[in-house]
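Here is the structure we will look at, set down as structure tokens.
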Amino acid sequence: MAFALGIGPDRAATLEVRGHKSGRTIAFPVVVADYPGERYLVAMLGQQANWVRNMRSGDGRAVLVHGQREDVSLTEDTSADRAAILRRYLELAPGARPFFDVDRRAPLTDFEPIVDRYPVFRVA
């Protein structure tokens, strides 16, 4: 609730997606990571995170809430930038750090082996 009201860390938000089975709107707390001119969401719980399954089975439409509502489109990112995006995400999301086996200050080469474990979505 605090995330949705815009209370909390600057990058904290609530992601609202349509449930792929129920069709109901489901809300998840997220941290928005910026990386050269773009915004990204990372699934700290990995491939089986509920919001990831919902996005993959849906049309990519969602709502980001941080003080105000923003209709967004999420596209899964498979670029070579994912290691850098994951590192940036860990800089901004201290609550996510226990879910990663790589320290946020590690070199990018340490992030490369784990990029497939943590889905990254570009926010448009």
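The values are calculated or read from the model by the stated rules, or taken from the named source; none is laboratory data. Since we're looking at a predicted model, the values are computed, not measured. Note: ideal-geometry Cβ built from the backbone for every residue, glycine included; neighbour counts use all protein chains shown. SASA here: full protein model, heavy atoms, side chains in, ligands and nucleic acids out. Shrake-Rupley method; radii C 1.70, N 1.55, O 1.52, S 1.80 Å.
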**OP:** Identify the single condition in (1) assigned to a helix (DSSP H, G or I); (2) touching a residue at least 60 places away in the same chain (Cβ under 8 Å); (3) of a type in the set (Lys, Arg) that ARG39 does not satisfy, given that it satisfies every other one.
**Re:** (1)
Original post:
Any idea which residue in region 103-114 is farthest from the chain's Cα centre (by Cα), counting only those that are of a type in the set (A, V, I, L, M) and open to solvent by less than 20 Å² (accessible area, probe 1.4 Å)?
Top reply: ALA106
**OP:** Would you be able to say whether some residue in region 26-33 is more than 14 Å from PHE121 (Cβ to Cβ), in a strand (DSSP E or B) and of a type outside the set (Val, Ile, Thr)?
**Re:** yes
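Can you name the residue in region 79-108 that is part of a loop (DSSP other than H, G, I, E, B) and touching a residue at least 40 places away in the same chain (Cβ under 8 Å) and, of all such residues, is farthest from ALA33 (Cα to Cα)?
Only one residue tops the list, namely PHE100.
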Original post:
Exactly one of (1) in contact with a Gly (Cβ under 9 Å, 6 or more places away or on another chain); (2) among the hydrophobic types (A, V, I, L, M, F, W, C); (3) over 23 Å from ASP10 (Cβ atoms) is unmet by VAL102. Its number?
Top reply: (1)
**OP:** May I ask you to verify whether THR14 is in a strand (DSSP E or B) and either among the aliphatic types (A, V, I, L, M) or out of contact with any Gly (no Cβ under 8 Å at 6 or more places or on another chain) (or both)?
**Re:** yes
Original post:
Which of the residues that make up region 64-91 are open to solvent by less than 40 Å² (accessible area, probe 1.4 Å) and either under 20 Å from GLU16 (Cα atoms) or modelled with pLDDT under 95 (or both)?
Top reply: LEU64, VAL65, VAL72, LEU74, ASP77, TYR89
Original post:
Quick one: PRO119 ticks every box in (1) open to solvent by 80 Å² or more (accessible area, probe 1.4 Å); (2) within 12 Å of the chain's Cα centre (by Cα) bar one, so which box is it?
Top reply: (1)
